[in-house]
Amino acid sequence: MKIEIKSAQEWSTPEQARQDCVVTSALYAYLTGTHWATPDWAVMVWEGEEMVSNVHIIERTVLVGGQPVKVGGVGNIATKIEWRKRGYATEALKVAVDFLRDPLGVEFGLMTAIEKLVPRYERTGWRVTAHSLQFEQPGGGKGAFTYPVLILPVIKSDWPLGEIDLRGLPW
């Protein structure tokens, strides 16, 4: 197993296609029609020449109760179906969290998850802080997720109270 982090500008066309394949095989068959943010970085897990798992990271300042909060948005935690139950996503998420701390230096990690996955993330320090958030869509539209919103304290510990606005596309 090899794990690497690359910025989106460094991805080769085959790496982009492989990430799309990992995500498509694992997630987002629901929420069709939603426009997604382009990740800033990817944690890629390889077995030989095959990308088997990835985690995407987006650096953004969101608003929480009107206050700016610098977050590392974590999304597309995905492993190809045939490679699951081997710890790839767990290892990729550990690398992603280390990256949030250094070099990014964000205040918090931020992600959404379906209810059945919440206990898995809570075991690694993430905590549910809300059950909805707002985001933008093309043409000035707004959208909302009504899933658990999880945060991970990175360099701060006190998450502000109030509505969460991603101030951009979701991840």
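Selection within region 72-83: residues that are over 17 Å from K6 (Cα atoms) and in contact (Cβ under 8 Å) with a residue 40 or more places away in the chain. The member of this set that is nearest to the chain's Cα centre (by Cα) is T79. For region 22-37, filtering for residues that are modelled with pLDDT of 60 or more and closer than 15 Å to V55 by Cβ leaves 4. Note on region 138-167: among residues that are of a type in the set (S, T, Y) and exposed (fewer than 15 other Cβ atoms within 10 Å of the Cβ), the one that is nearest to K94 (Cα to Cα) is S157. Candidates G87, G109: the one that is in contact (Cβ under 8 Å) with a residue 12 or more places away in the chain and within 16 Å of V43 (Cβ to Cβ) is G109. Only one of the listed residues (V69, V118) is farther than 25 Å from E15 by Cα, in a helix (DSSP H, G or I) and more than 12 Å from the chain's Cα centre (by Cα). That residue is V118. Put simply, of V106, V71, V97 the only residue that is farther than 21 Å from Q19 by Cα, modelled with pLDDT of 95 or more, among the hydrophobic types (A, V, I, L, M, F, W, C) and out of contact with any helix residue (DSSP H, G or I) (no Cβ under 6 Å at 6 or more places or on another chain) is V71. Residues of region 125-137 include none that is assigned to a helix (DSSP H, G or I) and either surrounded by fewer than 16 Cβ atoms within 10 Å (Cβ to Cβ) or touching a residue at least 12 places away in the same chain (Cβ under 8 Å) (or both).
Tallying residues that are of a type outside the set (G, A, S), loosely packed, with under 15 Cβ neighbours inside 10 Å and part of a loop (DSSP other than H, G, I, E, B) within region 87-112 yields 0.
Which of the following residues is within 25 Å of K2 (Cβ to Cβ), of a type in the set (D, E, K, R) and free of Cβ contacts under 8 Å to residues at least 12 places away in the same chain: R18, R120, R101? Break it down stepwise before answering.
Numbers: R18 fails: free of Cβ contacts under 8 Å to residues at least 12 places away in the same chain; R101 fails: free of Cβ contacts under 8 Å to residues at least 12 places away in the same chain.
Exactly one residue qualifies, and that residue is R120.
I'm trying to understand the selection: among the residues of region 29-51, which are in contact (Cβ under 8 Å) with a residue 40 or more places away in the chain and either buried (at least 17 other Cβ atoms within 10 Å of the Cβ) or out of contact with any helix residue (DSSP H, G or I) (no Cβ under 8 Å at 6 or more places or on another chain) (or both)? Listed by number, the residues that qualify are T34, W36, A37, P39, W41, V43, M44, V45, W46.
Total residues in region 9-21 satisfying the condition of being out of contact with any strand residue (DSSP E or B) (no Cβ under 8 Å at 6 or more places or on another chain) and either part of a helix (DSSP H, G or I) or modelled with pLDDT of 90 or more (or both): the figure is 7.
If you go through region 138-154 and keep only what is assigned to a loop (DSSP other than H, G, I, E, B) and out of contact with any Lys or Arg (no Cβ under 7 Å at 6 or more places or on another chain), you end up with T146, Y147, P148.
The values are calculated or read from the model by the stated rules, or taken from the named source; none is laboratory data. None of the values given here were measured: they were computed from a predicted structure. So basically every Cβ, Gly included, is an ideal-geometry build from the backbone, and we count neighbours across all protein chains shown.
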